[in-house]
Amino acid sequence: MALRSSDDDEAFRDEVRAFLEAKFTPELRALTARQAGVFADGDLARRWHRILFERGWIAPAWPTEYGGPGWTPRQGAIFQEECARAGTPRLPGMGLSLCAPVIMRYGTDAQKAFFLPRMLSGEHYWCQGYSEPQSGSDLASLQTRAVRDGDDYVVSGSKIWTTHAQFANWIFLLVRTSTEGKPQAGISFLVSPMDAPGISVRPIISMSGEHEVNQVFFDNVRVPVANRMGAENEGWTVAKYLLEFERGGGSSGVPLSVALERLVDIARNQPADGAASLYEDPVFRRDLARLEIEVMALAWTERRLAGRRRDGESIGNAAASLKKLCASELGQKIEDLSMRALGLYALPDQRGALGTGANESPIGPEYAVTPTARFLNGRASTIFGGSSEVQRNILARVALGL
Ligand SMILES: Cc1cc2nc3c(=O)[nH]c(=O)nc-3n(C[C@H](O)[C@H](O)[C@H](O)COP(=O)(O)OP(=O)(O)OC[C@H]3O[C@@H](n4cnc5c(N)ncnc54)[C@H](O)[C@@H]3O)c2cc1C
């Protein structure tokens, strides 16, 4: 594992900085600064996706044969660091980061040739249809049925908490194709355009006031058999492979470090009893130091895991659960401390000042605009992608050999 940057790495960092300086325009910066959702709004996400695509930098983790940039792990980390520091839009990864590895491993040549270039260019915007109203942690109990009719499946049922379904034009979904044997044995993995007749989307507004998640209904939707990834009734294996990327893909150390930097910025500007600012307060500094140590430990663990990983492959089930668990819980601790640091500024309703269509002036200083909404949205991070309890169960099973 290389710990120091070479001259080439530093030249690459300069190249990334110059690119961000030129392309992450003041207008885009202003729009992104008011985003508090898990991902950037659809239009903003599309614009930034296109800019990275045109530069050839949209899919750092993809193998070069499919359009990845061929970076070293260090270059990938530098790119992520620079983007996080600049505060570029958080792009939804349902296509590029989750479905793409599945297509690369389980897709036919025709599926790879059709889907991967469109995912790369951003022509296809994806959402994930795993959870159902009665099936979340116990995902294998899912009930959305797909009945074979000639060259099609006829799909009926409902998916819920579907992030960005209102922007997506494609969905990947798990369906029940058999009720024989164990529940896991009767699941298949399909992909469908969102404008297929019979699909409808109902918004769910989160407690921060944002619209990121939805319920998606399937009413006798015809999905060609050619849109199945992997064999019929073997979708559970495909689904679990995708979850390894959902839980263990990317790196959280850098975004969490940047979140800590934002927290320091708040603390330097907030008053404290008996100290020049909250940043000088010994109790606050102790709490901040604890978080810094945890972020550093996670960042180094991620670097070690990245060093083990082959091009385009996942890091494995247990390591993915460990990363997901630590990163989501640590993110929430930073959000908690940010709320404490903000004091009264954490209370105003800033919804009118958030999002790309925002037209109200924020209440209080600029640093107080997004943290409360981020805190509220961040409650979901220990639920989506599999709850913390579920990750602990997976780790316990691995550690105890159950
Ligand atoms: C903001 C957000 C975005 C999401 N986006 C998507 C998406 O795009 N696509 C998608 O398919 N899904 C999405 N989800 C759904 C998410 O994956 C599920 O919410 C999650 O898997 C938990 O399922 P559930 O909500 O049904 O809760 P349940 O499974 O009912 O769990 C309820 C509680 O019981 C606990 N629990 C359950 N089983 C066990 C057990 N065996 N041992 C110990 N504790 C247990 C859980 O940890 C939780 O605390 C999203 C969820 C949220 C909140």
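Values in this text are rule-based calculations from the coordinates and carry no lab data. Being a predicted model, the structure only gives us computed values, none of them experimental. Please note: Cβ atoms are built from the backbone with ideal geometry, for glycine as well, and neighbour counts cover all protein chains shown.
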ask   = Hey, got the dipole for the chain? About the Cα centre, +1 on K and R Cβ, -1 on D and E Cβ, debye to the nearest 20?
value = 640 debye
key: Other-chain or far-sequence residues with amide H under 5 Å of I160's (modelled H)   = S131, E132, V216
query = Taking the Cα centre of segment 125-234 as origin and charging only Cβ (+1 Lys, Arg; -1 Asp, Glu), how large is the dipole, in debye to the nearest 20?
reply = 100 debye
remark   = Computed, not fitted: 222 nm per-residue ellipticity of the chain from DSSP H runs ≥ 4 (each -39500 (n - 2.57)), nearest 500, equal to -14500 deg cm²/dmol
inquiry  = With θ taken as phi - 60° and the coefficients 6.51, -1.76 and 1.60, list the Karplus ³J(HN,Hα) couplings across segment 101-111 in order, rounded to whole Hz; mark glycine and proline as x.
reply    = x, 5, 5, 4, 8, 10, x, 6, 4, 5, 5
ask   = If each residue's Cβ is checked for other Cβ atoms within 10 Å, how do R247, R29 rank with the fewest at the top?
value = R29, R247
message = With an 8 Å Cα cut-off and a minimum separation of 6 or more residues, compute the relative contact order for the chain in percent.
response = 16 percent
inquiry  = Could you compute the net charge surrounding G355? Neighbours are other residues with a C-beta less than 14 Å from the C-beta of G355; K and R count +1, D and E count -1.
reply    = -2
message = Give the lysines reachable from K159 as a straight Cα distance under 27 Å; neighbours fewer than 8 places away on the same chain don't count.
response = K112, K182, K240, K323, K324
query = Lys/Arg Cβ at +1, Asp/Glu Cβ at -1, dipole of the chain taken about the Cα centre: which of A168, L31, Q143 is farthest positive-ward?
reply = Q143
query = Near the amide H of A61, under 5 Å away, which other amide H atoms are found, from residues 5 or more places off or on another chain, if H is placed in the peptide plane?
reply = none
